[in-house]
Amino acid sequence: MKRQQLIQKIEALGKDVFSIKDLQKLFPEEAHLKISVKRMLDAGVLIQITRSIYTLKRENLDIEKVATQLYYPSYVSFESALSKYGIINQGLYGLTLATTRHSKKITLAGIECEYSQLNPKLFFGYDLINGMYLAQPEKAFLDQIYLMILGKRAGNYSEWYLDSLDRGKLAKYLPSFNLSVQKQVSKMGF
């Protein structure tokens, strides 16, 4: 099969990440699909993300979008979302995401993506923006506090810019979290 034909069919999937199984559905007649994939990897057309998971090589690979598709369900939260919203201003070297699945770390294009498990009842408060799931500022704040209380995150609240948080949304989301989170948020003046 011609390389350009393969690329067009993959792009028609509408997915940034795909597996060998996805390709087998697209090309059921292709007897040597794994060989074709190997050639495209060698030519730099495809990038292997993990075993049997690939993406097309692009100049501007959207790591956040790929990360939320790769380990589903997940959304960008914690430090990454807080930084995006200007609530914290630390330089970040990786991407932090919430998931209902087991916590894990994956490296995508040299960027470490850290997925932290949340209880399914806490899996809300995010939006789909340009193909990426992103926590709302209030939810990212509560997610971060939750993991800090569990001892899975560090941080200094006094350095956070919390004025932009919507107190109404915080009041709506807070009852879903445990009493320790509620007490900590109350101590912070919310």
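LEU23 fulfils the conditions (1) crowded, with 18+ Cβ neighbours inside 10 Å; (2) farther than 16 Å from ILE10 by Cα; (3) among the aliphatic types (A, V, I, L, M) except for a single criterion, (2).
Scanning segment 153-186 for residues that are of a type in the set (D, E, K, R), free of Cβ contacts under 8 Å to residues at least 12 places away in the same chain and closer than 23 Å to GLN90 by Cα turns up just one, ASP163. Cβ-Cβ distances below 6 Å connect the following pairs, each with a first residue in segment 101-121 that is among the aromatic types (Phe, Trp, Tyr), a second residue that is modelled with pLDDT under 95, and a separation of six or more residues or different chains: TYR115/TYR71. Just one of the numbered conditions (1) part of a loop (DSSP other than H, G, I, E, B); (2) more than 22 Å from TYR146 (Cβ to Cβ) is not true of THR107: (1).
Among the residues of segment 117-152, just one is under 15 Å from TYR173 (Cβ atoms), loosely packed, with under 12 Cβ neighbours inside 10 Å and polar (S, T, N, Q), namely ASN119.
Scanning segment 150-171 for residues that are under 24 Å from the mean Cα position of the chain (by Cα) and charged (D, E, K, R) yields LYS152, ARG153, ASP166, LYS169.
The number of residues in segment 88-109 being closer than 26 Å to PRO175 by Cβ, among the polar types (S, T, N, Q) and surrounded by fewer than 16 Cβ atoms within 10 Å (Cβ to Cβ) comes to 2. So GLU112 ticks every box in (1) in contact with a Gly (Cβ under 7 Å, 6 or more places away or on another chain); (2) buried (at least 17 other Cβ atoms within 10 Å of the Cβ); (3) within 18 Å of ASP62 (Cα to Cα) but one. Which box is left unticked? With respect to (1) in contact with a Gly (Cβ under 7 Å, 6 or more places away or on another chain); (2) buried (at least 17 other Cβ atoms within 10 Å of the Cβ); (3) within 18 Å of ASP62 (Cα to Cα), GLU112 is out only on (2). Total residues in segment 58-87 satisfying the condition of being surrounded by fewer than 22 Cβ atoms within 10 Å (Cβ to Cβ) and among the β-branched types (Val, Ile, Thr): the figure is 2.
Rundown of residues vs (1) under 15 Å from GLU79 (Cα atoms); (2) in the same structural domain as LEU118 (by the TED database); (3) modelled with pLDDT under 95; (4) in a loop (DSSP other than H, G, I, E, B), yes/no style:
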| position | (1), (2), (3), (4) |
| --- | --- |
| LYS152 | yes, yes, yes, yes |
| ASP163 | no, yes, yes, yes |
| TYR173 | no, yes, no, no |
| GLN182 | no, yes, no, no |
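The values are calculated or read from the model by the stated rules, or taken from the named source; none is laboratory data. Everything quoted here is computed from the prediction, not taken from an experiment. All Cβ positions, glycine included, derive from the backbone under ideal geometry; neighbour counts span all protein chains shown.
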